[in-house]
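Here the structure comes first, spelled out in structure tokens, and everything after it is commentary.
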Amino acid sequence: MDNTLNHIKEEMDQHISPTALFTEADKRAVRRRIRELEVSKRKHNRLFPLMMSFAAVAVFLFLIGSFMGDQLGLLSKENSVAQKNEPITNPPEEGRIKFDPRTLEMGTQLGSFLVKSVSPSARYFPESPFQAVFTGSVTLSGMFHYIEESQELLFYPNEDQAKKLPAPEGAVRIPMISISNFAENKDEVIELLEIKPGIKALGNVTLTWYRMDFRSAGEQVDSADIVAVNGTELSLMETGNTGVMEEVPLEYEVISDDLSLIYEKFYLTGNDNVLKGLKPEEIFLMFLQAFEFNHTVTMYELIDDESTKIPSYQKFVDNVYEKEVKTLQIEFEKIKANIGNLEIKINDDHVSIGVKGDTPYSLKKDKAGIWKLEYFF
């Protein structure tokens, strides 16, 4: 065995160097590399938590910035667009004076305007035309046009300026304001503008009175008093005109003084509560009085609206009333001549009324217990 081992040793010594190949320098290099690997490992172990910490801080700062931006309006679309000097496509509706004609009442303040009067037909907007009168002061810029044939002076406010004028909700309108032939200051306006027939001129005007005429077809011809042009005040002519369109006092020929007070309230408001407690013949006489005044709205609102036969207000005026007005005139003249001696027939909740021997008009109580005329057209 010993001989064999010695023989193997001799064989290996021929291939292995008797001198040391792994020197002290090599040992130091290995140890240095081991230390470097350990430091690198420690750095690597600390890098991931450090990166996660930075990410958490970044998210927190972003959320705080977004919240403050929303609160201060710094990140709004309008602000970012404005900073680029680009136009805002959807500007706010501030400055527009809109109103609901169906609920508009006298004495209501709309911007710088006070509602002086409003036509009862406004309650059926947008089906029917109506008129409203406003007092107040506003300065507008726009264009004048003088028409020689009619000697009419027209003013068209700029689109942005038209927003200063009252306008009904749901209606797109840039009004054409007529300074009519009898209006104060028209000649002075023409002179100041140095405007010639058929020529258009730009200018600024101050209005103190404004009447808006709205028609369902879209034709809009309004009226106004102008007290200043391009900053120059005009002297009002002494015509007795107070600058406000006053309604002509009604002369009641059919109903009593006490009933006329109720009529006026109902005419202005259309509120059925005004009619509570009235007798059927009083309702009928109010209907007759409304016909005399050509108050088609009041006539329509004194008819039982629970009937399936009653048309819309606009159809009532256009297709029914206008065709039947001559017949009604003849019939109502007979009734007016016999107002003190009318024949009234009562049958439960129905009443027939007319001259003796002829009672073609009937009334019945509605669900609120108010007498209304049954639709007879």
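Read-outs: derived from the displayed coordinates by stated rules, not from any lab. A quick note: this is a predicted structure, and the numbers were derived from the prediction, not measured. All Cβ positions, glycine included, derive from the backbone under ideal geometry; neighbour counts span all protein chains shown.
Points to keep in mind about this one:
- Nearest-0.05 FRET efficiency for residue 346 and residue 191, computed from C-beta distance (R0 51 Å): 0.15
- Table column - 3J(HN,Hα) (Hz), segment 346-359, Karplus curve with 6.51, -1.76, 1.60, x for Gly and Pro: 10, 9, 6, 9, 10, 9, 10, 9, x, 6, 4, x, 8, 10
- Peptides 114-123, 155-164, 128-137 ranked from most to least packed by the mean count of surrounding Cβ atoms within 10 Å: 128-137, 114-123, 155-164.
- For segment 349-377 versus segment 109-141, the gap between their alpha-carbon centres in whole angstrom: 36 Å
- Unsatisfied cross-links (Cα-Cα over 18 Å) in the set 116/265; 265/323; 315/336: 265/323; 315/336
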